[in-house]
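Data block below; observations after.
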Amino acid sequence: MASHEVPREDRKKVIILGSTGSIGTQTLDVCERMGMEVLALTANSSARALEEQIRKFRPRCAALRDAAAAKQLAAAVADLPVRIYPSVEELLENEDLPREATAVNAIVGLAALVPALICAKRFATLALANKESLVAGGDILLKTAKDCGCTVIPVDSEHSAIFQCLNAAPPDRAVKRIILTASGGPFFGMTREQLAKVTPQQALVNPNWKMGPKITVDSADMFNKGLEVIEAVRLFGVPADRVKVVVHRESIIHSAVEFEDNAVIAQLGTPDMRIPIQYALTYPERLPSPAGELDLAALGKMTFFEPDTDTFECLEICRDAVSRGGLHPAAVNSANECANLMFREGKIGFTDIGAVIRKGDSLTPEVGSFTVDDVLSLDGEIRKYLFFGT
Ligand code: NAD
Ligand code: MG
């Protein structure tokens, strides 16, 4: 029986937060091909794009964070039986959605944290593409998921790879090191003098992946790899000094795990996010994918380099934050959200990003434990300080 012929009650039920973005639209592509039922769609402010998705996928509810845009959307889809909410949180708190559903969190930034927590409480599976929520409040999020019986499956390609490699591990895992691969971005091999002159347009192109604007700039300055080191620490319980970053220009090896016996298991594939997205939605099953087959002979060779952490300082900023612990990872994440936007808006240069992040982190109080409210209030303070100087 083809997937689209699966009886309605047996179809996989999917909720997509951030459905109009890069991961969100690719998730919808996977859902369409796999005949999955889309229950809810949410976005920030793009009423037209969300309306098109609603007309095509017929979810029972949708949300836009921007209240005026939500009103406009509600009027535009008044002919359809779909409830429109003025925020993701209101949708998740009020809509009667089945527990067995899988929620895909593809919102960008810290804005994904509270929705991720609600999903962990409400649904059986959380397919987590968003990494900022894990960096800023990962321990709280993963504990909530564990306590509520929600399985968290990573969508980020490196963490999906590690998750898959760990299937080869014994129950005590015997992990020696995680080898986290990085594309190196568009500015690989440049000096700081050259980097000082790069423009947002140049930073908004990644050699191997087509992604949303924030993560594309994070990949260019390697803050993304720093976030991913912390993401790996949170998800797999391995200390940061055992997460080794290696630049691999071709993005074919998506990451690897080295075990106690020095055997290394890696996951390979063409760089296509539909592979990890689909795996998160069908886990533990593997089903045919539209992503291209890997042709190693055509590829010819793969290259590997040590990251240049003197030139690309953001990776070390994240390592430093996770070793200091407490609210530092949350703080550098919030400060980076500001610095990344300032750079994209032409307000600071590319090589100023690190200094802006350190300035934001200087507000961080030293604490042992913290709550989600602490993370959100520090985020507000850092934004005020970096954007308005107060
Ligand atoms: P994107 O900018 O393309 O899309 C973001 C989505 O979130 C959009 O639907 C937008 O409307 C929504 N959104 C933005 N701000 C919001 C807010 N305040 N409240 C609610 N919704 C909001 O981003 P993306 O590239 O799809 O990335 C999404 C997440 O996935 C990020 O955390 C990113 O790091 C992670 N990720 C992305 C890729 C990729 O290939 N794009 C790969 C790995 C991980
Ligand atoms: Mg990644």
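Applying the selection to the range 263-285, what residues are in contact with a helix residue (DSSP H, G or I) (Cβ under 7 Å, 6 or more places away or on another chain) and not in a helix (DSSP H, G or I)?
Within the range 263-285, Ile265, Ala266, Gln267, Gly269, Met273 meet the criteria.
Which ones in the range 132-149 are open to solvent by 10 Å² or more (accessible area, probe 1.4 Å) and either over 16 Å from Leu110 (Cα atoms) or not in a helix (DSSP H, G or I) (or both)?
First, pick out the residues of the range 132-149 that are open to solvent by 10 Å² or more (accessible area, probe 1.4 Å): 132, 139-140, 142-144, 146-149.
Passing the criteria: Lys143, Thr144, Lys146, Asp147, Cys148, Gly149.
What about Arg344, is it open to solvent by 10 Å² or more (accessible area, probe 1.4 Å), basic (Lys, Arg) and within 25 Å of Val243 (Cβ to Cβ)?
Details: open to solvent by 10 Å² or more (accessible area, probe 1.4 Å): yes; basic (Lys, Arg): yes; within 25 Å of Val243 (Cβ to Cβ): no.
Criteria not met by Arg344.
For residues that are of a type outside the set (A, V, I, L, M, F, W, C) and open to solvent by 20 Å² or more (accessible area, probe 1.4 Å), scanning just the range 159-182, find the one that is nearest to Gln278 (Cα to Cα). Give the derivation first.
Start the filter on the range 159-182 by keeping residues that are of a type outside the set (A, V, I, L, M, F, W, C), which leaves 159-160, 164, 167, 170-173, 176-177, 181.
From what is left, the residues that are open to solvent by 20 Å² or more (accessible area, probe 1.4 Å) are 164, 167, 170-173, 176-177.
Numbers: Gln164: 13, Asn167: 17, Pro170: 25, Pro171: 25, Asp172: 27, Arg173: 25, Lys176: 28, Arg177: 26 Å.
Once the filter is applied, the top-ranked residue is Gln164.
Go through (1) open to solvent by less than 50 Å² (accessible area, probe 1.4 Å); (2) at pLDDT 95 or above; (3) more than 16 Å from ligand 1 (Cβ to nearest atom) for Asp221 and report which single condition fails.
Going through (1) open to solvent by less than 50 Å² (accessible area, probe 1.4 Å); (2) at pLDDT 95 or above; (3) more than 16 Å from ligand 1 (Cβ to nearest atom) one by one, Asp221 breaks only (3).
When you scan the range 213-229, do you find a residue that is outside the structural domain of Val108 (by TED's automatic domain parsing), assigned to a loop (DSSP other than H, G, I, E, B) and away from ligand 2 (no atom under 12 Å from the Cβ), even just one? Break it down stepwise before answering.
Taking the range 213-229 first, the residues outside the structural domain of Val108 (by TED's automatic domain parsing) are 213-229.
Among the residues that remain, those that are also assigned to a loop (DSSP other than H, G, I, E, B) are: 222.
With the extra rule that they be away from ligand 2 (no atom under 12 Å from the Cβ), the set shrinks to none.
Among the residues of the range 213-229, not one is outside the structural domain of Val108 (by TED's automatic domain parsing), assigned to a loop (DSSP other than H, G, I, E, B) and away from ligand 2 (no atom under 12 Å from the Cβ), which makes the answer no.
If you check Pro154 against the conditions, is it open to solvent by 30 Å² or more (accessible area, probe 1.4 Å) and not basic (Lys, Arg)?
no
Please pick out the residue among Arg33, Arg83 that is open to solvent by 70 Å² or more (accessible area, probe 1.4 Å) and in contact with a strand residue (DSSP E or B) (Cβ under 6 Å, 6 or more places away or on another chain).
On the way: Arg33 fails: in contact with a strand residue (DSSP E or B) (Cβ under 6 Å, 6 or more places away or on another chain).
Every option except Arg83 fails the conditions.
Could you grab me the full set of residues in the range 62-117 that are of a type in the set (D, E, K, R) and assigned to a helix (DSSP H, G or I)?
Just the residues of the range 62-117 that are of a type in the set (D, E, K, R), to begin with: 65-66, 71, 79, 83, 89-90, 93, 95-96, 99-100.
Selection gives Lys71, Glu89, Glu90, Glu93.
Any idea which residue in the range 96-124 is farthest from ligand 2 (Cβ to nearest atom), counting only those that are crowded, with 24+ Cβ neighbours inside 10 Å and without any contact (Cβ under 8 Å) to a residue 60 or more places away in the chain?
Taking the candidates together, the pick is Ala120.
Condition first: under 20 Å from the mean Cα position of the chain (by Cα), open to solvent by less than 40 Å² (accessible area, probe 1.4 Å) and of a type in the set (A, V, I, L, M, F, W, C). Can you find one or more residues in the range 292-312 that meet it? Write out each step before concluding.
Initially, the range 292-312 is screened for residues under 20 Å from the mean Cα position of the chain (by Cα), giving none.
Checking the range 292-312: not a single residue is under 20 Å from the mean Cα position of the chain (by Cα), open to solvent by less than 40 Å² (accessible area, probe 1.4 Å) and of a type in the set (A, V, I, L, M, F, W, C).
What residue, of Val257, Val245, Val198, is in contact with a Phe, Trp or Tyr (Cβ under 9 Å, 6 or more places away or on another chain) and part of a strand (DSSP E or B)? Quick ask: steps written out before the conclusion?
Details: Val245 fails: in contact with a Phe, Trp or Tyr (Cβ under 9 Å, 6 or more places away or on another chain); Val198 fails: part of a strand (DSSP E or B).
Just one listed residue meets the conditions, Val257.
Which is touching a Lys or Arg at 6+ places or on another chain (Cβ under 6 Å) and closer than 26 Å to Leu64 by Cβ, of Ala127, Ala101, Ala120, Ala112?
On the way: Ala127 fails: touching a Lys or Arg at 6+ places or on another chain (Cβ under 6 Å); Ala120 fails: touching a Lys or Arg at 6+ places or on another chain (Cβ under 6 Å); Ala112 fails: touching a Lys or Arg at 6+ places or on another chain (Cβ under 6 Å).
One residue alone meets the criteria, Ala101.
Exactly one condition in (1) surrounded by fewer than 16 Cβ atoms within 10 Å (Cβ to Cβ); (2) in a loop (DSSP other than H, G, I, E, B) is not met by Leu363; state its number.
The number of the failed condition is (1).
For Leu204, work out the one condition from (1) within 12 Å of ligand 1 (Cβ to nearest atom); (2) under 26 Å from Asp139 (Cβ atoms) it doesn't fulfil.
(2)
State whether one or more residues within the range 197-204 are in contact with a helix residue (DSSP H, G or I) (Cβ under 9 Å, 6 or more places away or on another chain) and either surrounded by 22 or more Cβ atoms within 10 Å (Cβ to Cβ) or at pLDDT below 95 (or both). Lay out the reasoning, then the answer.
Residues of the range 197-204 that are in contact with a helix residue (DSSP H, G or I) (Cβ under 9 Å, 6 or more places away or on another chain), as a first pass: 197-200, 202-204.
Those still in the list that are either surrounded by 22 or more Cβ atoms within 10 Å (Cβ to Cβ) or at pLDDT below 95 (or both) too: 203.
Scanning the range 197-204, I find at least one residue that is in contact with a helix residue (DSSP H, G or I) (Cβ under 9 Å, 6 or more places away or on another chain) and either surrounded by 22 or more Cβ atoms within 10 Å (Cβ to Cβ) or at pLDDT below 95 (or both), so the answer is yes.
Report whether or not Gly346 is without any contact (Cβ under 8 Å) to a residue 24 or more places away in the chain and either within 28 Å of Lys197 (Cα to Cα) or assigned by TED's automatic domain parsing to the domain that holds Ala232 (or both). Working first, answer last.
Working: without any contact (Cβ under 8 Å) to a residue 24 or more places away in the chain: no; either within 28 Å of Lys197 (Cα to Cα) or assigned by TED's automatic domain parsing to the domain that holds Ala232 (or both): yes.
Taking the combined requirement at face value, the residue does not satisfy it.
Looking at the range 150-163, which of the residues that are β-branched (Val, Ile, Thr) and not in a helix (DSSP H, G or I) is nearest to ligand 1 (Cβ to nearest atom)? Break it down into steps so the answer makes sense when it comes.
Quick first cut of the range 150-163, residues β-branched (Val, Ile, Thr) only: 151-153, 155, 162.
Next, from what is left, pick out any that are not in a helix (DSSP H, G or I): 151-153, 155.
On the way: Thr151: 19, Val152: 14, Ile153: 13, Val155: 6 Å.
If we take residues in the range 150-163 being β-branched (Val, Ile, Thr) and not in a helix (DSSP H, G or I), then Val155 is nearest to ligand 1 (Cβ to nearest atom).
Could you tell me whether Glu52 is more than 21 Å from Gln278 (Cβ to Cβ), out of contact with any helix residue (DSSP H, G or I) (no Cβ under 9 Å at 6 or more places or on another chain) and either within 16 Å of ligand 2 (Cβ to nearest atom) or at pLDDT 95 or above (or both)? Walk me through it before giving the result.
Values: more than 21 Å from Gln278 (Cβ to Cβ): yes; out of contact with any helix residue (DSSP H, G or I) (no Cβ under 9 Å at 6 or more places or on another chain): yes; either within 16 Å of ligand 2 (Cβ to nearest atom) or at pLDDT 95 or above (or both): yes.
Considered against the rule, which asks whether it is more than 21 Å from Gln278 (Cβ to Cβ), out of contact with any helix residue (DSSP H, G or I) (no Cβ under 9 Å at 6 or more places or on another chain) and either within 16 Å of ligand 2 (Cβ to nearest atom) or at pLDDT 95 or above (or both), Glu52 comes out as yes.
State whether one or more residues within the range 195-204 are under 20 Å from the mean Cα position of the chain (by Cα) and over 23 Å from Ala112 (Cα atoms). Please lay out each step first, then the result.
Restricting attention to the range 195-204, the residues satisfying the condition of being under 20 Å from the mean Cα position of the chain (by Cα) are 203-204.
Now restrict to residues that are over 23 Å from Ala112 (Cα atoms): 203.
So far as the range 195-204 goes, yes, one or more of its residues are under 20 Å from the mean Cα position of the chain (by Cα) and over 23 Å from Ala112 (Cα atoms).
Note down all Cβ pairs under 6 Å where the first residue falls in the range 165-189 and is farther than 17 Å from Val233 by Cα, the second is assigned to a loop (DSSP other than H, G, I, E, B) and among the aliphatic types (A, V, I, L, M), and they're at least six residues apart or on different chains.
Hits for this filter: Pro186/Val205.
The values are calculated or read from the model by the stated rules, or taken from the named source; none is laboratory data. Bear in mind that the values here come from a model prediction, so they are computed numbers and not experimental data. Every residue, glycine as well, gets a Cβ built from its backbone with ideal geometry; the counts of neighbours run over all protein chains shown. In case anyone asks, the SASA skips ligands and DNA or RNA and just uses the protein heavy atoms, side chains included. Shrake-Rupley method; radii C 1.70, N 1.55, O 1.52, S 1.80 Å.
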